[in-house]
Amino acid sequence: MKDENTQINLKLYYGTVSVVIALMLLGLLAGNPLLHHPGLGYITHGVLVFLFSSSLLIYPLYKSHTLRIIIIVTASCYFYTIFFLYPDTWSNFIFLCFIPAISILYFDTKLFHLSLLLNTLSIISLFSYIAIVDRGNHYSYISEDLIGNSINFLGSQAIIYFIFYLSSSRLEKQKLYYEQIKHSERLKTTGQLAAAVAHEIRNPLTVVKGFLQVYEKDNSYNETNKRHFSLMINELDTAEQVISQFLSIAKPDKDTEMELVNVKNVLQSVTDLLNTYGLLHHNEIVLKVDEDCFIAANTIEFKQLLINIIKNAIEASNVGDSVVVTAERKMHLVEIKVSDCGQGMSKEEMDSLGTPFYSLKSKGTGLGMMICFNIAAKYKGTIHFDSEKGRGTNVTIRFPAAKLGR
């Protein structure tokens, strides 16, 4: 289907270009007053027809920014040349007004604004030449109403700009819609994969947990062994909770029990857990939390979100750097910030965060960050990244503050 659409577009392009070239050749050869006495002007006209036609024909093969500039410059030279060579043909002035319209075809914002600016400066120079030097000898239809023609030119540029603005805005919306469709398809595929894998993992975990519970109640084991069994059961419970979150990608669980979460206690628990991991790379976690930070969420899910974010900050940090975690209440929101001085991210990398199977880690899957976004959205929270290459990353997590009962 893609190849077929490309072929149709190429046929339409070359068909249109063929018509344009044919019209330029007719203008050069049919009824041209300079044809019987060809001079430098006529030769220049012919050379520009050849250059403009060649540029249009080879553009689909390269589609480079440089070739676009060459096409715009060549077209400008062509239209200004025929304007000066054939002063009796007043319609040539119309082509000068619509030169910037050529750049609209490429949806290149910088090229369009450059073309608009250069053409405006060229028209100002042209009108100055007609008013001061020519004085109506060849371009009386312009000099007799110079102000009116200036207003008409400005009006044509405004119309062209309006068309470009509408076309560009619609194209950006279509791109965004297309990206959303692709993201939805990835989520669907990831959900199906997560459901299948999680189901296969949960079965053996249930069997192992069952045997450990039996051993835990067996009086033939001493208290030390029973504590070990209890610890293993707790870890299996944590693993089952993580698996449930993967399953929530396929089928979000909106009935998860919500509770009043003390953000300070949870952050203290998470940092205590990750401090050892940070010390492996000589990274210290600095925690600064206000007392009155409470949110309504599921504690385990909220803890999982924080573990993923802080762990990523540690892994992104350079050896010896600190990861600063702060939490404070701002009006009706609880704001948590995780800051590192690591390698940072580009805008393109930040825009792709949360996309399934996109990760900046060599062995990452991108599912962890996607789960973080899902958890935040589930409890009406947001996650915002502020980063720059070589200058670290600031992650801001906001949740609605919970109202404490009296």
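Where (i) 21.7, 84; (ii) 20.5, 65; (iii) 33.9, 117 are the candidate values, the label of the one calculated here for Rg and Dmax of the Cα atoms in Å is (iii). The packing ranking, built from the mean of other Cβ atoms within 10 Å per residue, places the peptides 286-298, 21-33, 259-271 in the order 259-271, 286-298, 21-33, highest first. Here the stretch 36-62 and the stretch 304-334 have alpha carbon centers that stand 62 Å from each other. Length gained on full extension, residue 40 to residue 391: 120.4 nm, using 0.36 nm per residue less the C-alpha separation.
Taking the convex hull of the alpha carbon positions in the stretch 46-158 and averaging its projected area over all directions gives 7.2 nm². The simple spin-label model puts a point 7 Å past each Cα toward its Cβ; for residue 220 and residue 67 those points are separated by 8.0 nm. Among the listed pairs 173/378; 264/337; 182/303; 264/311, those whose Cα-Cα separation exceeds 22 Å are 173/378; 182/303. Measuring nothing but protein heavy atoms, the accessible surface of the stretch 66-141 at 1.4 Å probe radius is 69 percent carbon and sulfur. Working from Cα pairs under 8 Å separated by at least six residues, relative contact order for the chain is 9 percent. What FRET efficiency, computed as 1/(1 + (r/R0)^6) with R0 = 45 Å and r the Cβ-Cβ distance, is obtained for residue 17 and residue 326, rounded to the nearest 0.05? Efficiency for this residue pair is about 0.15. Remark: the chain carries 61 Å² of accessible area per residue (probe radius 1.4 Å; ligands, DNA and RNA excluded). Taking amide H positions as modeled 1.01 Å from N, with prolines and chain starts lacking one, the residues under 5 Å from residue 333 and 5 or more places away or on another chain are 401.
When only Cα pairs below 8 angstrom with a gap of at least 6 residues are kept, the stretch 198-244 shows a relative contact order of 45 percent. Straight Cα distances below 13 angstrom link residue 288 to the aspartates and glutamates 328, 335, with same-chain residues fewer than 8 positions distant left out.
The values are calculated or read from the model by the stated rules, or taken from the named source; none is laboratory data. Not measured: the values here are computed from a predicted model. Note: ideal-geometry Cβ built from the backbone for every residue, glycine included; neighbour counts use all protein chains shown. Surface areas here come from the heavy atoms of the whole protein model, side chains and all, with no ligands, DNA or RNA. Shrake-Rupley method; radii C 1.70, N 1.55, O 1.52, S 1.80 Å.
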